[in-house]
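A short worksheet on the structure shown next.
The values are calculated or read from the model by the stated rules, or taken from the named source; none is laboratory data. Bear in mind that the values here come from a model prediction, so they are computed numbers and not experimental data. Cβ: placed from backbone, ideal geometry, glycine included. Neighbour counts: every protein chain shown.
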Amino acid sequence: MAEKILMKGNEAIGEAAVVAGCRHYFGYPITPQSELIEYMAKRLPQVDGVFLQAESEVSAINMVYGAAGAGARVMTSSSSPGFSLKQEGISYIAGAELPCVLVNVQRGGPGLGSIQPGQADYFQATKGGGHGDYHNIVIAPNSVQELVDMTILSFDLADQYRNPVVLLADGAIGQMMEPVEFREVTAKNIEKPWASTGLHGRSETNVINSLFLKPDECEKHNKHLQEKYAVIEKNEVRYESIHVEDADLVLVAYGITSRIVFSAMEKARKEGMKVGLIRPISLWPFPYKPIEDASAHAKAFLTVEMSAGQMVEDVRLAVGRTKPVYFYGRTGGMIPNSAEIYDQIVTIMQAKGGK
Amino acid sequence: MTEKLFAIPATLKDIPTHYCPGCHHGIIHRLVAEAIQELGVQDKAIGVAPVGCSVLCYDYFNIDMQEAAHGRAPAVATGIKRVHPEAVVFTYQGDGDLASIGCAEIVHAAARSEKITTIFVNNAIYGMTGGQMAPTSLVGQVTTTSPYGRKEDSCGKPIQMSEMLSTLHGPKFIARVAVNNPANMAKAKAAIKKAFEINVKGEGFALVEVLSTCPTNWGMSPVEAVSWLEKNMLPYFPLGIFKSEEVAK
Amino acid sequence: MTHEIVMAGFGGQGVLLVGQLLAYAGMLEEKQVSWMPSYGPEMRGGTANCSVIISEEPIGAPIIAEPTAVVAMNLPSMDKFAPSIKTGGVLIINSSLISTEPNRKDLVIYKVPANEIANEIGNSKVANMVILGAVIAATDAVTVDGAIKAFQKKFASKPKMFTVNEQAIRRGMECVINAGK
């Protein structure tokens, strides 16, 4: 077992990327993810990697496009306003099927918003963000250790599916320190015969491209993408389920919010209330099935987010009209505390006649 | 016994292009392909295509290519070059792509002296989208978005990219050439080859701006277009080498 | 026992470092720990605080609503965080900079003249380490050996700093113990 070290979330992502074999990073500074770009600036030269501070987020994502298309394991990171700027490039990356890991340490929005933690980029991350029919694989860790493990997983998923993976964190998880260990990793070495590397004797040229001028060819490409997304939906749903089996009320939350919700749930359980928690780890593909299954016995659901209500739409899709889905959110960089959430639990439980 | 005097270079695919009659892209493609061929680096060349008329150049070069978003070719090329430092990476961009939407990318790639070659085709108009005003359209030039002619007081004067980029410390070679006659074609070929030689040697950033016609969107015959270029573009976009080690000495 | 400790002061007083060392010591003692800073555009002179949780149990929310202990390095920090402390909790005041009496009677309050003690030791920079010692003595969240070990690991490249900082930690502890803990 590796020695535990105390690390900031942002820095842990950086080290995990290095462990995963990422040797190329292109980024632009923005609060609250700057520790990550600074970590990469210091760390990558130590492992003969390439760190480059781009002139903008737009350039950074296009450098990622070039590097990913050239066959490298590559990463960029930003926070909400900067991540918006990357959306054009992400659409191209999805269209050209380039593997890469994109980190969004979310803050309050819209616009410049605030620099405090937020979760209001859920729609952007899971429903597209850029133009066209595409999906990012979206992973939302809730601890510094999980940031490490999921960063490494993200690189593998990206290569396996030739798809961008968004690691959706937030200012709280990026800034906090927790003990982490870097377990032995066997980096998957996936061949990339499609990459543009120079011909080197190959007779057919490799072209990295998302343009299909003929609409029937473009539709064919879209069908191919949708088939790939269906496989990902089948294989890559990840979630954590706690005390859901007997729960009258099922809480749904992801990322840092899930931990605050967990504390509220524990308190409610001690008070004898049957409350459980489903924590989506993959936000796309979303764990519709476990939520749908829970709706067979649960009387109600409560989704908690640091947003005005985004993931709750997916929870409602999963639950359908059979059971009420309540929502509690804070916005603009405000973090809900467990007492607020506990109060919500009590109110719902009383209305449902349960203790 | 016959000797083959003229053939398509192996670096170009033997397929028809979509370019309009009289457009200079075909000539410029060939000069780029010849330079790569003559330097013997086809195997390690990686090109980046722009958005604009030459978007499909990835279909024409017999070279590994990446298609970039509008204006972002220098950033994409940077990403490629940083992964494969031994590769000969180049961008092929038009005036809207490089001088308008991609201004930041080209300036910073040049400033970093990114070890890539940029072929910048300036025809003073947006071709693919149907003849709109470009950052290099001349004052008074009529386009679909400057139907009364480009007005200096509201649109300014066209950007002279070669001159502007030459003020940076990064670039090793910047030249403006034209392919309006055989003599200029020879000079253009020499400049493009020089830019790729610098690339092969890993010396730094090199850019060749090539003035080009756009008969279709200028609303002229190919012959008229060449004389319009000579009469209107050459005075404002003078040909020559703006930056090179020789100039520095 | 779960310790939920908020440390607050103005930027540059070293409260974030004290919090990190507490968390580090807790980790070395095989406890569950988390450290969460406030962050903002101020780099120097603004307010700074951090939340440290040290527990035998896995930590849920890393954000503290009701601290078991608060360290106030200056008056605005006391005004901001003292009202939220759990009944029976601990309030440690840097009495070098705070002369106002806290208005809560349901807390265990320690007044530590951290700056004076640091000056007595001969290094005004170690006032935060005096406070670290006080927190350890007042809460038993970690052991003093754990804290010293954490310091030596974190500043492994600066062994010259060890003696004076250890001295500061022990003086802070004495201050609390002499106050009748």
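Across region B:142-159, the qualifying residues are those that are surrounded by 19 or more Cβ atoms within 10 Å (Cβ to Cβ) and in contact (Cβ under 8 Å) with a residue 60 or more places away in the chain, and the one among them that is nearest to B:Gly96 (Cα to Cα) is B:Pro158.
Given the structure, is C:Val33 buried (at least 17 other Cβ atoms within 10 Å of the Cβ) and either within 13 Å of the chain's Cα centre (by Cα) or of a type in the set (D, E, K, R) (or both)? Against the criterion (buried (at least 17 other Cβ atoms within 10 Å of the Cβ) and either within 13 Å of the chain's Cα centre (by Cα) or of a type in the set (D, E, K, R) (or both)), C:Val33 does not qualify. Counting only strands (runs of 3 or more DSSP E) that sit wholly inside region C:10-100, those with at least 3 residues that are away from chain A (no Cβ under 14 Å) and not aromatic (Phe, Trp, Tyr) are C:69-72, C:90-94.
Residue-by-condition table, conditions (1) closer than 27 Å to A:Glu266 by Cα; (2) at pLDDT 90 or above:
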{"residue": "C:Met1", "(1), (2)": "yes, no"}
{"residue": "C:Ala25", "(1), (2)": "yes, yes"}
{"residue": "C:Trp35", "(1), (2)": "yes, yes"}
{"residue": "C:Thr47", "(1), (2)": "no, no"}
{"residue": "C:Pro58", "(1), (2)": "yes, yes"}
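Applying the condition of being more than 15 Å from A:Ala54 (Cα to Cα) and β-branched (Val, Ile, Thr) to region B:54-89 and asking which residue is surrounded by the fewest Cβ atoms within 10 Å (Cβ to Cβ) yields B:Val55. Restricting the first member to region C:129-141 and to residues that are within 12 Å of C:Lys111 (Cβ to Cβ), and the second to residues that are outside any helix (DSSP H, G or I) and of a type in the set (Ser, Thr, Tyr), the beta-carbon pairs closer than 8 Å and six or more apart or on different chains are C:Ala134/C:Tyr110; C:Ala138/C:Tyr110. The single condition among (1) touching a residue at least 24 places away in the same chain (Cβ under 8 Å); (2) farther than 19 Å from C:Ile93 by Cα that C:Leu75 does not meet is (2).
Look at A:Ile115 and say whether it is modelled with pLDDT under 95, outside any strand (DSSP E or B) and either out of contact with any helix residue (DSSP H, G or I) (no Cβ under 6 Å at 6 or more places or on another chain) or assigned by TED's automatic domain parsing to the domain that holds A:Val185 (or both). Answer is yes for this residue.
Going through A:Val47, A:Val74 one at a time, which residue ends up being surrounded by fewer than 24 Cβ atoms within 10 Å (Cβ to Cβ) and at negative phi? Step through it out loud before you land on a result.
Details: A:Val74 fails: surrounded by fewer than 24 Cβ atoms within 10 Å (Cβ to Cβ).
Selected residue: A:Val47, the only one of A:Val47, A:Val74 that is surrounded by fewer than 24 Cβ atoms within 10 Å (Cβ to Cβ) and at negative phi.
Is it the case that some residue within region A:46-59 is more than 13 Å from every other protein chain (Cβ to nearest Cβ) and closer than 21 Å to A:Asn142 by Cα? Scanning region A:46-59, I find no residue that is more than 13 Å from every other protein chain (Cβ to nearest Cβ) and closer than 21 Å to A:Asn142 by Cα, so the answer is no. Go through the residues of region A:206-216 one by one and say whether even a single one is more than 10 Å from chain B (Cβ to nearest Cβ) and part of a helix (DSSP H, G or I). Yes, region A:206-216 contains a residue that is more than 10 Å from chain B (Cβ to nearest Cβ) and part of a helix (DSSP H, G or I). Might you check whether a residue that is of a type outside the set (A, V, I, L, M, F, W, C), in contact with a helix residue (DSSP H, G or I) (Cβ under 9 Å, 6 or more places away or on another chain), assigned to a loop (DSSP other than H, G, I, E, B) and at pLDDT 95 or above occurs anywhere in region B:26-34? No, because not a single residue in region B:26-34 is of a type outside the set (A, V, I, L, M, F, W, C), in contact with a helix residue (DSSP H, G or I) (Cβ under 9 Å, 6 or more places away or on another chain), assigned to a loop (DSSP other than H, G, I, E, B) and at pLDDT 95 or above. Could you check region B:77-91 and list, in sequence order, the residues that are in contact (Cβ under 8 Å) with a residue 12 or more places away in the chain and at the interface with another protein chain (Cβ under 7 Å from one of its Cβ atoms)? Answer for region B:77-91, where residues must be in contact (Cβ under 8 Å) with a residue 12 or more places away in the chain and at the interface with another protein chain (Cβ under 7 Å from one of its Cβ atoms): B:Ala77, B:Thr78, B:Ile80, B:His84, B:Ala87. Entry remark, region B:190-238: residues being under 15 Å from the mean Cα position of the chain (by Cα) and either among the acidic types (Asp, Glu) or surrounded by fewer than 20 Cβ atoms within 10 Å (Cβ to Cβ) (or both) number 3 in total.
Only a single criterion out of (1) of a type in the set (Ser, Thr, Tyr); (2) out of contact with any helix residue (DSSP H, G or I) (no Cβ under 9 Å at 6 or more places or on another chain); (3) crowded, with 24+ Cβ neighbours inside 10 Å is not satisfied by A:Ser91, namely (3).
If you check A:Val244, A:Val252, A:Val261, A:Val275 for being surrounded by 15 or more Cβ atoms within 10 Å (Cβ to Cβ), in contact with a Ser or Thr (Cβ under 6 Å, 6 or more places away or on another chain) and either acidic (Asp, Glu) or not assigned by TED's automatic domain parsing to the domain that holds A:Glu97 (or both), only one passes: A:Val252.
Looking only at region A:11-18, decide whether some residue is of a type outside the set (Asp, Glu), in the same structural domain as A:Glu146 (by TED's automatic domain parsing), buried (at least 22 other Cβ atoms within 10 Å of the Cβ) and more than 19 Å from the chain's Cα centre (by Cα). No, the conditions are met nowhere in region A:11-18.
Of everything in region C:133-164 that is surrounded by 15 or more Cβ atoms within 10 Å (Cβ to Cβ) and farther than 22 Å from C:Ile54 by Cα, the residue that is modelled with the highest pLDDT is C:Val164.
Please indicate, with yes or no, whether at least one residue in region B:92-109 is closer than 17 Å to B:Leu211 by Cα and either more than 13 Å from the chain's Cα centre (by Cα) or at the interface with chain A (Cβ under 10 Å from one of its Cβ atoms) (or both). Checking region B:92-109: at least one residue is closer than 17 Å to B:Leu211 by Cα and either more than 13 Å from the chain's Cα centre (by Cα) or at the interface with chain A (Cβ under 10 Å from one of its Cβ atoms) (or both).
Do any residues in region A:70-87 that are in contact (Cβ under 8 Å) with a residue 24 or more places away in the chain and more than 10 Å from chain B (Cβ to nearest Cβ) have Cβ atoms under 6 Å from those of residues that are crowded, with 24+ Cβ neighbours inside 10 Å and of a type in the set (S, T, N, Q), where the two are at least six apart or on different chains, and which pairs are they? Sorted first by the residue in region A:70-87, then by its partner, the pairs are A:Ser77/A:Gln33; A:Ser79/A:Gln33; A:Ser80/A:Gln106; A:Phe83/A:Asn104. Being surrounded by fewer than 21 Cβ atoms within 10 Å (Cβ to Cβ) and more than 22 Å from A:Val138 (Cα to Cα) holds for only one residue in A:Thr331, A:Thr347, and it is A:Thr347. The set of residues in region B:35-53 that are surrounded by fewer than 24 Cβ atoms within 10 Å (Cβ to Cβ) and either more than 8 Å from every other protein chain (Cβ to nearest Cβ) or at pLDDT below 95 (or both) comprises B:Gln37, B:Glu38, B:Leu39, B:Gly40, B:Val41, B:Val51.
Would a scan of region B:54-76 turn up a residue that is among the basic types (Lys, Arg), over 27 Å from B:Pro215 (Cα atoms) and within 11 Å of chain A (Cβ to nearest Cβ)? Checked against the condition, which is being among the basic types (Lys, Arg), over 27 Å from B:Pro215 (Cα atoms) and within 11 Å of chain A (Cβ to nearest Cβ), region B:54-76 yields no hits at all.
Take A:Ile173 and decide whether it is assigned to a helix (DSSP H, G or I), more than 14 Å from chain C (Cβ to nearest Cβ) and touching a residue at least 24 places away in the same chain (Cβ under 8 Å).
Considered against the rule, which asks whether it is assigned to a helix (DSSP H, G or I), more than 14 Å from chain C (Cβ to nearest Cβ) and touching a residue at least 24 places away in the same chain (Cβ under 8 Å), A:Ile173 comes out as no.
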